[in-house]
Amino acid sequence: MTMATTSTAHFLTLIVLLQTYIMYGDANRWLAIFNINALGLASIDNPDTCERLPGLVNKQVSVCKRNLEVMDSVSLGASLAIHECQNQFANRRWNCTTVLTGPVFGRVLENGTREAAFVHAISAAGVAHSVTRSCSSGDLQKCGCDRTVAGASNDGFMWSGCSDNIAFGVLFSKTFVDAREKKGKVPLNRQLMNLHNNEAGRRAIETNMRIECKCHGVSGSCEMKTCWKAMPNFKEVGMMLKEKFDGATEVQQRRIGSRRQLVPVNPTFKPHTVNDLVYLTPSPDFCEYDLGVGSMGTHGRECNRTSKAIDGCELLCCGRGHNTHVETVVERCSCKFHWCCYVK
Ligand SMILES: *[C@@H]1O[C@H](CO)[C@@H](O)[C@H](O)[C@H]1NC(C)=O
Ligand SMILES: *[C@@H]1O[C@H](CO)[C@@H](O)[C@H](O)[C@H]1NC(C)=O
Ligand SMILES: *[C@@H]1O[C@H](CO)[C@@H](O)[C@H](O)[C@H]1NC(C)=O
């Protein structure tokens, strides 16, 4: 009897939690999967877990159940994305702060801003990257290396037969991340925006695959070279997407023939490509604390006195002025005294 009551209580708590997500949430609610530890889990390893993961739509739950072994990589991909977002935005007013309740980034993604565009792109890329990495490491049954790139190359090396299987990672990211957008719940223009940016994120990996090689032969001679196609590391993906963020195009939805498309608001601008980020709504200024728009404000942030860019005191502090602290930092360094007479 007591047990039944307790589990009813738990059930009700769960419902209340889920409703919070649904009320404030947005297409990237699934990012909460980055922190499965918060659910007391070390791994997503049984189908019931899929139901307990916060922020998934039904379709994502069923992808989860059918692909249990891939889900830890999805979780890792989400934390890669969040971490890299914080890296790339460390000096901006909005710095990718995560919040403890509700959607990972608070309400900042509710409107179709540049920030939302970036988060979509980097998250879709994070999943593709992480899943591909797991394929190459042999951690998954469903996929392995891309062995279609094989044999002798025209450039005088042998393909190793273990290239990164980016096609699998990209397809999985499409299936899982884009699943949210198919439902009629998201307004059409936002749906088009999200799908476009998800794809642009994955393309930042696909279009920047490179060839890595290893030499074989006596004492480091390179008599034989084997090479494979490798993904750029995720920091580079973050940098490329940050550039796309800086150059993002403001778009609106238009019916062209029988299809609805996103076209630049300003027709004199160069049209965006599939690799570019697009947004629908200008961003708030993020100067003041206002959780209603997902802004933490910039009070108390450290700014750069000599910079004229967004990390400079004028812009970061929104013209409110700033205090200067002088700190003396004593550091041990590996200095060497050279005869005679200088220190390096
Ligand atoms: C979304 O945009 C509208 C119109 O610009 C604004 O009133 C609203 O506060 C914004 N909401 C969020 C969560 O940023
Ligand atoms: C982002 O800025 C807030 C204040 O606006 C600060 O509390 C937080 O530590 C910063 N987060 C990161 C990841 O830099
Ligand atoms: C501050 O800005 C200047 C000029 O942009 C730059 O050279 C310097 O590295 C920045 N300092 C820090 C601590 O970021």
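Spin-label pair N91-S219: with each label point 7 Å from Cα along the Cα-Cβ axis, the two points sit 4.7 nm from one another. Using every Cα-Cα pair within the chain, state what percent have a distance larger than 29 Å. Pairs farther apart than 29 Å: 51 percent.
Working note: Karplus 6.51/-1.76/1.60 with θ = phi - 60° gives region 30-47 the couplings 4, 4, 4, 5, 4, 10, 5, 4, 4, 8, x, 10, 9, 7, 9, 10, 8, x Hz, where Gly and Pro are set to x.
Taking 0.36 nm per residue of separation and subtracting the current Cα-Cα distance, fully stretching the chain between N233 and A150 would add 27.6 nm. A Cα-only calculation for region 140-227 places Rg and Dmax at 18.9, 63 Å.
Prolate is the label for region 83-177, because the ratio a/c of its alpha-carbon gyration tensor axes (a ≥ b ≥ c) is 1.5 or higher and a/b is greater than b/c.
Rg and Dmax, both from the Cα atoms of region 24-109 and both in Å, are 13.3, 41. Helices in the chain, meaning DSSP H runs of at least 4 residues, each add -39500 (n - 2.57). Divided by all residues, the mean residue ellipticity at 222 nm is -12500 deg cm²/dmol. Pairs exceeding 23 Å between alpha-carbon atoms, taken from K174/K235; K65/K229; K235/K270; K270/K308: K65/K229; K235/K270; K270/K308. Run the paramagnetic zone check for E302: 7 angstrom along Cα to Cβ, then residues of region 61-83 with backbone nitrogen under 20 Å. What the label zone holds, given the 20 Å backbone N cut-off, is 83.
Centroid-to-centroid, using Cα positions, region 257-317 and region 99-129 are 14 Å apart. Highest mean first, the peptides 210-217, 225-232, 163-170 sorted by other C-beta atoms within 10 Å per residue fall in the order 163-170, 225-232, 210-217. Once C-alpha pairs closer than 8 Å and six or more residues apart are averaged by separation and normalised to the residue number of region 143-289, the relative contact order reads 22 percent.
Values quoted throughout were computed directly from the atomic coordinates according to the rules given, and no laboratory measurement underlies them. Everything quoted here is computed from the prediction, not taken from an experiment. Cβ sites come from the backbone with ideal geometry, for glycine too, and all protein chains shown count toward neighbours.
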